[in-house]
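These notes are about the structure you will find just below.
What follows draws every value from the coordinates through simple rules; no lab data is involved. This structure is a prediction, so every number in the text was calculated from the model and none was measured. Here the Cβ positions follow ideal geometry from the backbone for every residue, glycine too, while neighbour counts run over all protein chains shown.
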């Protein structure tokens, strides 16, 4: 009962009073109202919505789509044509389609089945994959579409209705914490004044809540029953993607009221701090602004795949070349010799004339017609194109797809990428980009929800010049620990040589002494109950111990500021213990203050219109007392003011102004006698800031009643003013009272990072990746996070690009441009000058400056500067800008970019980047839907890139190269044979051998390679992130490698073919005198090919599990089995291959000896190549493999060299935690040096030392 | 470390999870100098002996090759050999004689060798009907036999260019005035005789057309016993080929003089092909062919050389394995 009544009471608070001059309540000016009215009914503004009468929207012209959303690419009808079209857009597939068509007209050298079957198989598999992926999309849509919302049916009854069944005109009721199912027109809310709070993080990434307010006219509609008779008509704009505009009017009870964006609740945003709202559906489904804003995700192709196209072109030109040679050769033979070959019975000109017409047709062989040599050669050319088609790896695409699907499956199944908290795991949503993960050079990251949890934690505070909550930063801790570790071996060696120097103090900077030197913080390790938003451990303040502090009054005032100067409200939670409250406020920061002050014994319990009630711990009586404070005024926080104040009077009638704000702003407004703690506080501030904590300074002043009265009249007047000058007046008024403050201290809150984020960023930085932070949040927050993630650090040179005040006020694009250009140029000059020095650069730019910087003529300069900075932070950027930056960076640098984000505001960026990653831990699905990979947490990016990316890149590039090799080696033997058959188009091998080649006999090993190959294990990948650089440098798929592999294929084919014909011809191949005929030679040569290509893949593989062994040796075995089975079939099926193994080649020792010889000889060049490379030009993975091999016996990680190399590999890293620790160590060492020097000086200057050195005994 | 610890907590034992976690036990060979040297030496030590044995086998084979296409045309006709061979009125018999250079142990295989004869021409190879060869007249799938499938509206058995161009030179061998018996049985593959050429299929309407190609067939003998045809129908892979004619099952001594009476019927003159008669013994490896042995010896000795060179290089300027100075960051 109590809870219910208090909720009712809370609902009665008039929020509009609380926010005394919030800008969003600015009423429309009459001019705008007029403009809006004029637009209605014009083209583009023709939509009519009959509120609460959805049945009227079932017929034209008011028929609008249902609220059903589909993101699938295909539907049942369009799947076949569209998917087929997609398939045959690939050059290779189109070529094989043509080949298959030709095969129907007896042009082809092969049987029809052997040409059509592989094509159907390949295309079928690819289409199946498309279908499965689309099915998943469909299921996700289904999930969204089947959410429910309370919808009005009739007579004031609301029932649950599926989202997809909503129609325009439906009245819905959305409860707190729910998403809006479509774009709604706000009719009324649970708050009396029709205000509601909306979280739009999914749309624009801004974390603060937006206020929406209904029209006065519809305020009364705040009960279910009211809607039984409700009717209204809305005229408004047509669906469009613009999130921030809305033009329309509503006719309600014979009156027309204009509508503005502040009445429009957008799909994908969430209701917060408001119990419920009523709204009417204006735009549904694909008409909603959020959906209109989303673009269909472009199909992305990886770099390797794009390069693969070029390889296909090369192979294709090779194909055309050999086909030309063949057709030209056949032309020559036909012209010169072939006429004399009587055994061919070629249609001779003379003979044809002799025979009657019916016979002449029968002699007409289009391929060998001496009377039409050119036509014959042309046909031969087409036949050759098909014949040598084995040069084009038809199964390459399908094998790659199979491999990628399997890779994807393995990525999805990785336990290390499973998040226990959200029970979600990594999802590769498309399998196209696995290998692209291994080539990323630039990461563009969103902040809120991606790096941070959007949750504030109270961490530290400095009250009256004393810092609480611990002094040591984590960087100090890590640095001192590392230094100790470094010194240990060093110290050891000293021990042995000279015992006297043992007193040398490596522990000088150890944790204990460090904290002892710099303050007397008592770190209590006892873990209390974890309180959300409060991560503060200092028993000088907790448990009411603060009453023993020296500056009791300041401490008390400090806590009062914390408990009173805010806009929050307490929230009764039935489940919660009654003495602890939870709070809700506009920003999570304020919530953390309220929780902290409650922990300190200043519980904020109630707020009424003009009263705030605190339950305070009274030091004198040692009891909790309830005190009431009259809220006189509230001076709102805004980004330009950067401060907020409340004016309260306590029970004794004393009037206080309690103020909190950015430290610089507060420090400017201090009274002369209020600066007692300024120096100490400033010191603490900088240490907090370095840790990435957000700081706010607290101050107060007492106001005399008279002064207050006179000020209040001015302020009230200002508030009553209507018009553009209102804000200025208010600003001036508050300026006059917020002065002569007395500084109390500062608080530091942590924008809580997600688990493992700094470590992950550190590893990514070590892997050589650049990380850009793009956030919609304000600059201070962004910089704090930059520090917290070690993207920025104190010794880093920072450039801040922003519009200077005059340029901004002038509002002249030209001025602004010049301003920015100047800043960029000066910064760039500095970068150029100091590039060789160690200190890296950081760039911070805000949205407005960015807008200028990304314009055509400035953008190159800007990008040049940005690329040269170690880290870049862009704040206050709109979703569109995020996408724009991503595109420009991608274009300008040509490097692979990865964008990661969690909200709908990141969708543009995610789609634009080469790889888009969505965070799936959050509620919104938009980013995930648009992404290529979804992660439950940012930290999984580390393993995804450094392990899986690296592996997949290696696997796919090895695989593609091998494929090229394999097909060149096989395809060219066909060509060589043509030279011996007078280019007649005869094939050395049986049709089925050839069909089996790509489908069965060589496909499994290459798939095993593509799925399971590992150059080094995952542990080692993570320990040596620098290995990742192989991908961005593209060492495994460079043109020299590609050409090398093609040459290797040429060599192998030559060896195989020549050895076979020289050995098998013309003498007997067996003891019984039988000679090798075309079938024996074909089977033998083919055996050699199967052995060679399968042994070649064994040479490539560096990681043999039983699967690889089975697939490689099994494929070879399979060939013999196939030959046996095929040969055992009746001759009707097997043709000339009948019994070829059993009777022809099997019993001949020559056959087996050729196989051994050819395999060794054809692999020898490659083997010598890798031997030379390994021995004299080893790559990093080779060395690491060797290191691992050598130290397998011991535990690798304890090995000294291992640790040293790990350290060395990180040396060039410029950002991240390790780099920061390194920098710290450097500065510590400098201090140490100085200290040693001073000790040395003091010793050498001491009289004793002098006497010793000058003594004659020495 | 913690990563692996966490992994072990879940069941790592099942083979499936080992697979999905990509941690199947694997062998990771690393190419160390020792391995390289061992490999090359191994190849060398296997290949050289094998090569030598092979060469020996090849050298044990005695081979006599006699070209007779020009010699068998009488002097006056040598200007226009084509008209000589096409003129049926001129007798085509001819004789050759040669001395056996080395002792030849039976069986001695008799081959005829044709050069520049494209039995592998696509038009030629395809011009046959396996169905007809096996099942005879019942089958009508003879369209593949173009252009020799029917004559006077009746199908030809065996049809097709290959059969039509059957080689028809014949040889008889005389040593010391006694005829050497030539065994002409079992010169074709057993499976061909048993399963590809019908026992009840008899030549029919063969070589009756206006154009006469090669040899004629005895219409009373079923195809499965026409071994000459069967051998001829196994088309050769290359334009220069030998085909088995028969076997002499008596040893030939050194300096034995063998006289060959042959019927020089087959026309190779129009396209400049050569005809040779080959007598050869065989070893376990088949005929005389040094290429294989030489290749083995060459590769074997190259491998040994590479091994030696590599060992020297390794000793003179060794790259220490796991030498970290090659790492890019050093």
Approximate spin-label separation residue B:83-residue A:650, in nm, with each point projected 7 Å along Cα-to-Cβ: 14.0 nm
Rounded to 10°, Cα long-axis angle of helix A:950-980 versus longest principal axis of chain A: 20 degrees
Distance in nm between pseudo-label sites at residue A:1235 and residue A:1204 (7 Å out along the Cβ direction from Cα): 2.7 nm
Global size of the range B:60-166 as Cα Rg and Dmax, reported in angstrom: 19.4, 55
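Roughly how compact is the range A:166-293, stated as its Cα Rg over 2.2 N^0.38 Å to two decimals?
Details: Rg = 13.3 Å, N = 128, 2.2 N^0.38 = 13.9 Å.
Here the Cα radius of gyration is 0.96 times the empirical estimate.
To the nearest 0.05, what FRET efficiency results for residue B:75 and residue A:1000 with a Förster distance of 45 Å applied to their C-beta separation? Numbers along the way, then the final one.
Values: r = 61 Å, r/R0 = 1.35.
With a Förster radius of 45 Å, E is 0.15.
Return the FRET efficiency for the residue pair residue A:611, residue A:672: r is the Cβ-Cβ distance, R0 is 22 Å, and the value is rounded to the nearest 0.05.
0.05
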At q = 0.15, 0.26, 0.28, 0.29 Å⁻¹, base-10 log of I(q)/I(0) for the range A:85-146 (Debye sum, equal scatterers on each alpha carbon): -0.56, -1.02, -1.09, -1.13
Considering only chain A, percent of DSSP beta bridges that pair antiparallel, nearest 5: 75 percent
Relative exposure of A:565, A:1021, judged by other C-beta atoms within 10 Å (fewest first): A:1021, A:565
Overall dimensions of the range A:951-1192 by Cα: Rg and Dmax, Å: 19.9, 64
Alpha carbon convex hull of the range A:226-334, projected area averaged over orientations, nm²: 14.9 nm²
Degrees separating the helix A:813-833 axis from the principal Cα axis of chain A, which is the longest one: 70 degrees
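With the radius of gyration and the Kirkwood radius both derived from the Cα set of the range B:87-129, what is their ratio Rg to Rh? Intermediate values should be presented prior to the final figure.
Details: Rg = 17.5 Å, Rh = 15.3 Å.
Using Cα coordinates only, the ratio equals 1.14.
Please find the FRET efficiency linking residue A:618 to residue A:732, where r is the Cβ-Cβ separation and R0 is fixed at 60 Å, and quote it to the nearest 0.05. Don't jump to the answer; show the numbers that get you there.
Numbers: r = 39 Å, r/R0 = 0.65.
That gives a FRET efficiency of 0.95.
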More than 14 Å apart - percent of Cα-Cα pairs taken over the range A:978-1048: 78 percent
C-alpha long axis of helix A:394-413 to longest principal axis of chain A, angle in °: 30 degrees
Over the range A:720-807: Rg over Rh, Cα atoms, Kirkwood Rh: 1.14
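Sum -39500 (n - 2.57) across every DSSP H segment of at least 4 residues in chain A, then divide by the residue count to get the 222 nm mean residue ellipticity, nearest 500. Each step should come with its number before you reach the end.
Numbers: 44 runs with 587 residues, N = 1258.
It lands at -15000 deg cm²/dmol.
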Kirkwood estimate for the protein assembly as shown, i.e. one over the average of 1/r between Cα atoms, Å: 40.3 Å
Simple spin-label estimate for residue A:139 and residue A:891 in nanometres, 7 Å along Cα-Cβ: 3.9 nm
Ellipsoid semi-axes in whole angstrom, largest first, where each is sqrt(5λ) of the Cα gyration tensor of the range A:705-746: 23, 14, 6
Stretch gain in nm, segment residue A:225-residue A:72, where the contour uses 0.36 nm per residue and the Cα spacing is subtracted: 51.1 nm
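Scale the Cα Rg of chain B by the rule-of-thumb value 2.2 N^0.38 Å and send over the ratio, two decimals. Intermediate results must be reported in sequence, preceding the final value.
Working: Rg = 30.5 Å, N = 330, 2.2 N^0.38 = 19.9 Å.
Taking the Cα Rg and dividing by 2.2 N^0.38 Å, one obtains 1.53.
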Neighbour-count order for A:166, A:863, fewest beta carbons within 10 angstrom listed first: A:863, A:166
Scattering profile of the range A:1205-1249 at q = 0.28, 0.29, 0.31 Å⁻¹ [log10 I(q)/I(0), Debye over alpha-carbon scatterers]: -0.93, -0.95, -1.00
